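Since every read-out is calculated from the coordinates, none of them should be taken as a lab result. The shown structure was predicted, so the numbers you read here are calculated from the model rather than taken from an experiment. Here the Cβ positions follow ideal geometry from the backbone for every residue, glycine too, while neighbour counts run over all protein chains shown.
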Amino acid sequence: MSTNPKHFGSFTFKDTAKQTSNVSFNFGAITALTIAAFLTQFGTFRTATQALSIGALVTDSWTGDKTKYSAATPTDDNARRERKWRVDYEDVVNFTPGQIEIPVAKVTGAGGSLVINDTEIADLTQDEWVDWIAAFEALCKSDDGNGVNVLGAVLVGRNL
């Protein structure tokens, strides 16, 4: 286990029943020299995560900053916080596994279904997934502070 300082962020989504659910993730230290690149990566990751959820993004936050986006409630009856994308990843140095969940999962994207037919496995060739993986791997870090590599994603139901 690393003793390095933790740097993390989160996104909060609301479903059609006005229930909220969070996505939390780690990233590297931010300095005066890296803040501009970090903000770009953070925004890209937020946009890519929104593309995989039909929930309403309520807030995002990272160490020292929190932004309120909307009090609006999604109108899509499928926007439920219990339906999530569970993304499995690994630390690129020590191969320690990790997971992140995207609440209020969106299952149909611009190019069609975001799942492989007759499964709950994400179709990682769809543009929304390609964009999300690129943004996640560019911004996020493992618990030990190393880079991460996405292994796959599945549609899950959670009652959290």
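Scanning the range 106-145 for residues that are buried (at least 19 other Cβ atoms within 10 Å of the Cβ) and touching an Asp or Glu at 6+ places or on another chain (Cβ under 9 Å) yields LYS106, LEU114, VAL115, TRP129, LYS141, SER142. Among ALA17, ALA29, which is the only one that is aliphatic (A, V, I, L, M) and either crowded, with 18+ Cβ neighbours inside 10 Å or over 22 Å from SER70 (Cβ atoms) (or both)? Only one candidate qualifies: ALA29.
When VAL87, VAL58 are checked against the criterion of being surrounded by 13 or more Cβ atoms within 10 Å (Cβ to Cβ) and either small (Gly, Ala, Ser) or touching a residue at least 60 places away in the same chain (Cβ under 8 Å) (or both), VAL87 stands alone in meeting it.
Quick one: would you say SER70 is in contact with a strand residue (DSSP E or B) (Cβ under 9 Å, 6 or more places away or on another chain), surrounded by fewer than 17 Cβ atoms within 10 Å (Cβ to Cβ) and either touching a residue at least 40 places away in the same chain (Cβ under 8 Å) or not in a strand (DSSP E or B) (or both)? Please lay out each step first, then the result.
Details: in contact with a strand residue (DSSP E or B) (Cβ under 9 Å, 6 or more places away or on another chain): yes; surrounded by fewer than 17 Cβ atoms within 10 Å (Cβ to Cβ): yes; either touching a residue at least 40 places away in the same chain (Cβ under 8 Å) or not in a strand (DSSP E or B) (or both): yes.
Yes: the conditions hold for SER70.
Within the range 24-55, restricting attention to residues that are small (Gly, Ala, Ser) and free of Cβ contacts under 8 Å to residues at least 60 places away in the same chain, which residue is farthest from ASP131 (Cα to Cα)? Checked the range 24-55; the qualifying residue farthest from ASP131 (Cα to Cα) is ALA32. When restricted to residues that are touching a helix residue (DSSP H, G or I) at 6+ places or on another chain (Cβ under 7 Å) and part of a strand (DSSP E or B), the range 47-62 contains 3. Residues in the range 1-14 that are surrounded by 15 or more Cβ atoms within 10 Å (Cβ to Cβ) and either among the basic types (Lys, Arg) or free of Cβ contacts under 8 Å to residues at least 40 places away in the same chain (or both): LYS14 only. For GLU128, the requirement of being of a type outside the set (Phe, Trp, Tyr) and touching a Pro at 6+ places or on another chain (Cβ under 9 Å) is not met.
Just need a number here: residues in the range 83-108 that are assigned to a strand (DSSP E or B), within 15 Å of THR125 (Cα to Cα) and out of contact with any Gly (no Cβ under 8 Å at 6 or more places or on another chain). Spell out how you get there, then give the answer.
Quick first cut of the range 83-108, residues assigned to a strand (DSSP E or B) only: 83-91, 97-102, 105, 108.
Those still in the list that are within 15 Å of THR125 (Cα to Cα) too: 87, 108.
Now drop any that are not out of contact with any Gly (no Cβ under 8 Å at 6 or more places or on another chain), which leaves 108.
Residues flagged as assigned to a strand (DSSP E or B), within 15 Å of THR125 (Cα to Cα) and out of contact with any Gly (no Cβ under 8 Å at 6 or more places or on another chain) within the range 83-108 amount to 1.
On the basis of being of a type outside the set (S, T, N, Q) and farther than 19 Å from ASN22 by Cα, does VAL148 make the cut? Talk me through it step by step, then tell me what you get.
Working: of a type outside the set (S, T, N, Q): yes; farther than 19 Å from ASN22 by Cα: yes.
So VAL148 passes the test.
Taking the range 109-160 as the search range and keeping residues that are among the β-branched types (Val, Ile, Thr) and in a helix (DSSP H, G or I), which one is farthest from LYS6 (Cα to Cα)?
So the first thing to find is which residues in the range 109-160 are among the β-branched types (Val, Ile, Thr), and the list is 115-116, 119, 121, 125, 130, 133, 148, 150, 154, 156.
With the extra rule that they be in a helix (DSSP H, G or I), the set shrinks to 130, 133.
Values: VAL130: 27, ILE133: 22 Å.
So the residue we want is VAL130.
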